[in-house]
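One structure is given here, and the rest of the page talks about it.
The values are calculated or read from the model by the stated rules, or taken from the named source; none is laboratory data. Everything numeric in this text was worked out from a predicted model, so none of it was measured. With ideal geometry, Cβ positions are generated from the backbone for all residues, glycine too; neighbour counts draw on all protein chains shown.
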Amino acid sequence: MAPPKRSWSTSDIGDLSGSVALVTGANSGIGFETALALARHGSHVVLGCRNPDKAQAALTAITNSAGRASAEVLDLDLSDLVSVRRAAQAFTSGHDRLDLLINNAGVMGTPYRQTADGFELQMATNHLGHFALTGLLFDVLTSSGPSRVVTVSSQMHRIGAIDFSDVRGDTVANTWRAYGASKLANLLFVAELSRRLTAAGSATIALAAHPGWTRSNLAGTGASVGEHKLRAKLGTTVGHVLGQSAATGALPSLYAATADGVSSGQFYGPRYCFELFGPPKAVHPGKRAKDVSDQARLWEASEALTDVHYGGVATH
């Protein structure tokens, strides 16, 4: 595996003409910048978004700013498994290939709320929805040649722990630890998916990325779900004052999605200042993310909770 250049940027992305990419949460922040960069380099980008007005605005911005951009909107609410299934069916009805799946969408710091499926909102959106979406698109992914699945985690995974007696999140004592658990789940998922793909001899690879400290509306949006307006304002203000740009925060995801020489299961984050800022490099997940037993246990729990089962990959 070749290490990323110390100055790697979107100018290092090769020609993506003929490829199809699906980016979740592509209407703003890191997701928008990821979709924009992929479109600018020739990929047909599907914007998986839950807010149709914001999705349309993002689509217009991408097509106006990227001369050869080709993009479309896919209605997708990852917190609702009915929506996830509907979106997967709509995608496969309109596309016979999927080269890049970027599991980017997320919520952070949401006050406790259960989804229609009975899951805690952060675990539902950040992990279970993406687990289901990836599984429902698995056949088109693996039939598209050397495709990639990139799942966006966070340094907050280090404070997370999975309670296997309550993965769905019926009881949540601390919203930030719940967020950390959902981001830890992202890494456990990538590790187990990578292991199964490798064991099956698949050309599809699974990778993870984290953006470091990035200016985005994630903290503010997450808090506002619970109508905590002061908390939302504080989260947005702190992020915008101290964080790096969303375009820079998207670089680890873009590196994982497009660079030559990456290895399945690898994790990428910013290079500088405790992985908070800068261009991408290979990074190491926390100890809990490396637990092979927990990787398998979470996979089994996720299958049971979502009723989505991946065909054609090895099981324990």
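The set of residues in the stretch 145-163 that are more than 19 Å from Pro280 (Cβ to Cβ) and surrounded by 20 or more Cβ atoms within 10 Å (Cβ to Cβ) comprises Ser147, Gly160, Ile162.
Between Ala259, Ala296, the distinction of being under 18 Å from the mean Cα position of the chain (by Cα) and not hydroxyl-bearing (Ser, Thr, Tyr) belongs to Ala259 only. Residues in the stretch 85-101 that are free of Cβ contacts under 8 Å to residues at least 60 places away in the same chain and surrounded by 15 or more Cβ atoms within 10 Å (Cβ to Cβ): Arg85, Arg86, Ala87, Ala88. Of all the numbered requirements in (1) surrounded by 19 or more Cβ atoms within 10 Å (Cβ to Cβ); (2) in a loop (DSSP other than H, G, I, E, B), Ala58 misses one, and that requirement is (2).
Report yes if Ser65 is surrounded by fewer than 21 Cβ atoms within 10 Å (Cβ to Cβ) and in contact with a strand residue (DSSP E or B) (Cβ under 6 Å, 6 or more places away or on another chain), otherwise no. Taking the combined requirement at face value, the residue does not satisfy it. The residues of the stretch 211-249 that are out of contact with any Leu (no Cβ under 9 Å at 6 or more places or on another chain), at pLDDT 55 or above, under 29 Å from Glu120 (Cα atoms) and in a loop (DSSP other than H, G, I, E, B), listed by number, are Ser216, Asn217. For the stretch 275-288, a residue qualifies if it is within 18 Å of Arg158 (Cβ to Cβ) and touching a residue at least 12 places away in the same chain (Cβ under 8 Å), and the qualifying residues are Glu275, Leu276, Phe277, Lys281, Ala282, Val283, His284, Pro285, Gly286, Arg288. Being of a type in the set (D, E, K, R) and not in a strand (DSSP E or B) is the filter; apply it to the stretch 250-284 and report the residue that is surrounded by the most Cβ atoms within 10 Å (Cβ to Cβ). Result: Glu275.
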